[in-house]
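Undergrad: Here's a structure for you.
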Amino acid sequence: KNKHDNITITSKDVAAMIQATRRGRRIDMYTVETILQAATSYIQKTVTSAIVSLPPLRVSTSNNKQQQDEQQLTVIGDLHGSLSDLEAVLGLTGEPSQNNKLLFNGDFADRGDHGIEVIVVICALVLAFPDQVILHRGNHED
């Protein structure tokens, strides 16, 4: 749970947004505006370039299950406004945590039917998990 500019976004809020869009509901304009403003403010206040450091990545030999002390960095690229792809990736990676970081590698919403929803969910993830969700601007995010 993290508070940014008088709003608090939790993992439950992100899950509720994804669930609502799955059911064909739209994210209301107040929520869109609030999240985008808070994310813009947060991103402008943070370092514009950072090096993400992780301990050495290891491959687990016990049924390929990740051990709790191991670090995982999932690079997610070229969503191009596909909410279903975003949902699928988040379903596979699980919730961001100290051991499970997500790097969104650009081209978030330049085409596709759900560009706004993809941007809002990604921004909500950044607000809910600021140390675990990293955005890397692509060529379409100018």
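Undergrad: May I ask you to compute the full-extension gain from residue 19 to residue 95, defined as 0.36 nm times their residue separation minus their alpha-carbon distance, rounded to one decimal in nm? Don't skip to the answer; put the middle values down first.
TA: Details: separation 76, 0.36 × 76 = 27.36 nm, distance 1.47 nm.
The residue 19-residue 95 span can extend by a further 25.9 nm.
Undergrad: Amide H neighbours of residue 9 under 5 Å, counting only residues 5+ apart in sequence or on other chains, H built in-plane at 1.01 Å?
TA: 2, 4
Throughout, read-outs are computed from the coordinates displayed, never taken from laboratory work. All of these numbers come straight from a predicted model, not from anything done at the bench.
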